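Structure, as structure tokens:
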Amino acid sequence: MKRAVEMAISPEGNTRIQLTGEALKQAQSKSTQSRAALLPDVEAAFSDQSRTANLAAQGLSKINLPIPGFQFPTFVGPFTTMDARVTGTQNIFDFSVLRRFQASKVGISAAKQDLDTAGEQVAGQVARAYLAAVKADTDVEMAQANVTLSEAVLKQAENQKAAGTGTGIEITRAKVQLANDRQRLLVARNAGRTAHLQLLRAIGLRLDTELELTDRMQYAPVDAVTMEQARAQALQQRPDLKAQQDRESTARLSASATRMERLPTVAAFGDYGSNGTGFNNSLPTRTVGVQVKVPLFDGGRRDARREESASQYRAEKVRTNDLREQIELDVRLALDELKSADDEVKVAKDGLSLSEDELTQARRRYDAGVAIGVEVTDAQTRLERARDNQTEALYLYNLARLDLAQAMGKIRSLVQ
């Protein structure tokens, strides 16, 4: 199980891990974009133009100058202009941009927690699929053991018939039991193949990969934990709660950024370059300035964005509270299931031991001629049911252990 979980949560493993990893990279890129608004924006440009102009279209041909013999030209050009220039702008005072950058940093933290959450959930999914595959393999083993037992009972009935102490109906009854057990073995093998395919899909391996499960269904006691201790650990360790808290913080900062859009903004700008008709006769020119923008009226768009961002923040707070309550519910249900499953394991163990003793005594009585074959068949049926009960009880117990670990946010540490 440990190896299966390691392969699934590797960067090239389960599809969900890969997608969540890409989401983290996208969040980091968005943060870089938000930071760019706080840094200088510098550009370089070069232009070389050959132009003509229709001065009459600008109304210049109607100007009368007091110069004898002068007539204002209608068409000028072609003439060449060259401009090589570096321009730059820098935000000096814009709190809304700063808040958005802070929100993007928290967004990266939320994306990391989402990746951690995906790791927990994928680990739980793979662990459950592995446990189901182990149970399926155990069912096959139990079904094969039942077939072996039925063959032995049939052989015993045939020996009793040959010795003159048995009847033909007992042989027929044993053959019917053997046929039923062989049918269950076929069903168990098919279920085992299905469980292996589902495990391969959960891990992210090719479906034609051959698997050999090294773990077996077993009972491992769990350290005692109270409801309050489990709840406290869950609230501290669950990565999905941390991710939701980060999303709430992101929404709060985004709402703050939207509110700050009503504040004035200050930016510096400037350019420096060479301008003229060519490189040989160009002159250096520059522009330096400060720009102040004061928002006055934009048709209500800013007010609408403020209401929207405030609503998004309130929605995230509701989701956070709901997740806290869901975590408490998960912990309570997991603890109840674990206690019930632990009791079922103990009862199933006792039932299996009694069923084995009953079958042993029934076969001895049958060999001694003081019992009929139906007692053996009935004891055999109860033993098979006891085996199934033990396998199911162990499966539910280990599943409850996984559920409790998932509820407390430590399933990967449990598996590994």
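Go ahead and run the numbers for FRET between D303 and V370, Cβ-Cβ distance against an R0 of 56 Å, rounding to 0.05. Show your work: numbers first, answer last.
Details: r = 95 Å, r/R0 = 1.70.
Between D303 and V370 the formula returns 0.05.
Quote the charge dipole size of the chain about the Cα centre in Debye, to the nearest 20; the model charges only the Cβ of Lys and Arg (+1) and of Asp and Glu (-1).
Working: 56 positive and 54 negative charges, 309 e Å.
Here the chain has a charge dipole of around 1480 debye.
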[x] 67, 47, 42; [y] 71, 47, 41; [z] 151, 48, 35, with the label sought being that of the calculated Cα extents along the principal axes in Å: [z]
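Short version: what are the Cα gyration tensor semi-axes of the stretch 247-369, square root of 5 times each eigenvalue, largest first, in whole Å? Present the calculation step by step, with values, prior to reporting the outcome.
Numbers: eigenvalues 1341, 128, 19 Å².
Its equivalent ellipsoid spans semi-axes of 82, 25, 10 Å.
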15 Å beta-carbon shell around A174, net charge (K/R +1, D/E -1): -2
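Per DSSP helix of 4 or more residues, -39500 (n - 2.57); summed, then divided by the residues of the chain. What does that give at 222 nm, rounded to the nearest 500?
On the way: 9 runs with 274 residues, N = 416.
Using -39500 (n - 2.57) per qualifying helix, the result is -24000 deg cm²/dmol.
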Overall dimensions of the stretch 310-416 by Cα: Rg and Dmax, Å: 23.4, 86
Mean-position separation - Cα centroids, the stretch 116-142 and the stretch 376-392, in angstrom: 25 Å
For the chain, built as a Gaussian network whose Cα springs stay under 10 Å, the top-fluctuating residue of V134, V76, V222: V76
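What FRET efficiency do you get for T172 and Q326 if R0 is 56 Å and r is their Cβ-Cβ distance, rounded to the nearest 0.05? Walk me through the numbers before you get to the answer.
Working: r = 57 Å, r/R0 = 1.02.
The value I calculate is 0.45.
Extension gain V222-S311, at 0.36 nm per residue separation less the Cα-Cα distance, in nm?
Values: separation 89, 0.36 × 89 = 32.04 nm, distance 4.40 nm.
Length gained between V222 and S311: 27.6 nm.
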Nearest 10 degrees, 0 to 90: helix 301-368 Cα axis against the chain principal axis: 20 degrees
GNM result for the chain, Cα springs below 10 Å: residue of A179, A251, A127 fluctuating most strongly: A179
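May I ask you to list the chymotrypsin sites (Phe, Trp or Tyr not before Pro) in the stretch 267-363 that are in a DSSP loop and have at most 16 other Cβ atoms within 10 Å of their Cβ? Show your work: numbers first, answer last.
On the way: sites: F269, Y272, F279, F297, Y313; in loops: F279, F297.
Sparse-neighbourhood loop chymotrypsin sites (Phe, Trp or Tyr not before Pro): F279, F297.
Taking the Cβ of each residue in T285, T265, T138 as the centre, tally the other Cβ atoms inside 10 Å and list the residues starting with the fewest.
On the way: T285 13, T265 18, T138 21.
So the residues, fewest neighbours to most, are T285, T265, T138.
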Euclidean distance of C-alpha centroids, the stretch 156-209 and the stretch 270-304, integer Å: 85 Å
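Rule-based calculations on the coordinates, nothing more; no lab input. Quick caveat: nothing in here was measured; it's all calculated off a predicted structure. Glycine gets a Cβ as well: all are built from the backbone with ideal geometry, and neighbour counts include every protein chain shown.
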